Structure formats: structure tokens, C-alpha cells
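In what follows, a structure is listed as C-alpha cells, so that the remarks can point back to it.
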Amino acid sequence: MKSTTSLTGPYDHIIIPKNSEKTDWEVELAVVMGKKASYVSEADAMDYVAGYVLHNDVSERAFQLERGGTWDKGKGCDSFAPLGPWLVTKDEIANPHDLRLWLSLNGKMMQDSNTDDLIFNIPHLISYISQFMTLLPGDVISTGTPAGVGLGFNPNIYLKEGDVVELGIDGLGTSKQKVVAYK
């Protein structure tokens with residue numbers, strides 16, 4: 001089974017890459033840009049937001065941390081980064097910094113937190129990133145994940161074939177992915 005597209009939806013399978021032993025989950029709030037943003041101030045940053053979407057920032061930890069270079073090798077595998085179920089416009093969310101987000105693995109709650117615990121708030125992220133690159137409409141910024149990822153457990157817990165991941169964020173809906181092995 002191989003993904004034929006770079007976009008993965010909220011109910012598509014997570015495909016464990018060939019030679020992967022450390023595929024992990026991360027529930028995250030994702031911000032979708034609504035207009036071109038370059039050198040934006042924190043005070044103006046929210047003017048550039050179109051809306052928000054639920055994101056499972058699936059990460060292959062060995063590819064990401066043990067094989068040198070940048071983290072994109074562990075984040076950009078086929079089927080990773082399922083988004084949705086829908087884009088919620090900025091005006092529909094009163095405060096994106098006060099949303100419960102959660103993730104369960106096979107029915108067991110692994111992550112349960114609130115976006116008020118983000119290390120960096122959304123205006124800071126947009127402003128900071130826009131100092132180095134121009135953000136375009138439709139670009140997605142993931143804001144970070146709370147405690148409870150598999151890498152954080154002792155011993156570590158990683159996704160395996162047959163696992164089911166369910167996640168959600170207040171006002172942004174829920175998603176569910178079954179884990180399958182690359183074939």
C-alpha cells in the first residue's frame with residue numbers, strides 16, 4: 001500500500017514507512033494562512049490567518065532524530081500529516097489559545113491538554129516564521145504538541161500495524177486513522 005498523493009485526510013490510513021520502527025503521533029492545532037505574509041509583526045499576525053484545522057503531526061523518530069540533517073525526513077513520509085476533518089475559519093473560533101486537544105491510541109487517552117499550554121502563541125509563530133520566509137495563502141503552520149507522545153514514555157511506545165489513533169480539538173472536529181504497514 002503506497003500513498004499516491006501528498007495530502008492525507010482525517011480518515012485515511014497512516015502507513016508505517018518501510019524500515020520504520022519509531023512512528024509516533026502528535027495532536028496539534030494547525031493554523032492556515034489566509035494571505036501573503038512577509039516580515040509580519042506579532043501585533044498584526046492574526047490578520048493573516050484564514051482559519052484552523054486539526055492535525056496529526058505523525059513523526060518517524062529514527063528518521064527525524066537519528067539520521068542527521070533536518071527533521072523533514074521524519075515528518076514528510078507518505079500518509080503523514082493528516083488534516084481535518086474541515087477548515088474552521090478564524091471568526092468561528094473565539095480564542096484559539098483556549099481549546100482542548102486530545103489523542104487516544106486504541107481507546108486509551110495518550111494526550112489531553114489545552115492550547116493555552118502552547119510554548120509559543122500563534123502571533124509569535126507567524127511573526128517569527130515570516131522573518132525568514134514568505135508565507136502564502138494555504139500554508140499550514142503546526143503549533144506544537146502537548147505531553148503524551150510515544151517518544152516521551154519509558155519505555156517508548158510507537159505505532160504498529162492495526163493501531164487506531166483518534167484525535168480532536170474543540171470546535172475543529174475529530175479524526176481517526178488506522179495504522180497499516182507499508183506493503
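Which count do you get for residues in segment 98-120 that are surrounded by 16 or more Cβ atoms within 10 Å (Cβ to Cβ) and more than 16 Å from the chain's Cα centre (by Cα)?
Count: 0.
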In segment 121-132, anything in contact (Cβ under 8 Å) with a residue 24 or more places away in the chain and surrounded by fewer than 12 Cβ atoms within 10 Å (Cβ to Cβ) is listed as 131
Of the numbered conditions (1) surrounded by fewer than 21 Cβ atoms within 10 Å (Cβ to Cβ); (2) touching a residue at least 24 places away in the same chain (Cβ under 8 Å); (3) on the phi > 0 side of the Ramachandran plot, residue 79 fails exactly one; give the number of that condition. (1)
Within segment 129-139, how many residues turn out to be under 20 Å from residue 75 (Cα atoms) and either outside any strand (DSSP E or B) or modelled with pLDDT under 95 (or both)? 4
Say whether the condition of being over 13 Å from the mean Cα position of the chain (by Cα), outside any strand (DSSP E or B) and of a type in the set (S, T, N, Q) is met by at least one residue in segment 140-152. no
Every residue in segment 33-89 that is outside any loop (DSSP other than H, G, I, E, B) and out of contact with any Lys or Arg (no Cβ under 9 Å at 6 or more places or on another chain), please. 33, 37, 45, 53, 54, 55, 56, 72, 75, 83, 88, 89
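The values are calculated or read from the model by the stated rules, or taken from the named source; none is laboratory data. Owing to the predicted nature of the structure, the values given are computational and were not obtained by experimental measurement. FYI the Cβ positions are ideal-geometry reconstructions off the backbone, even for glycines, and counts take in every protein chain you see.
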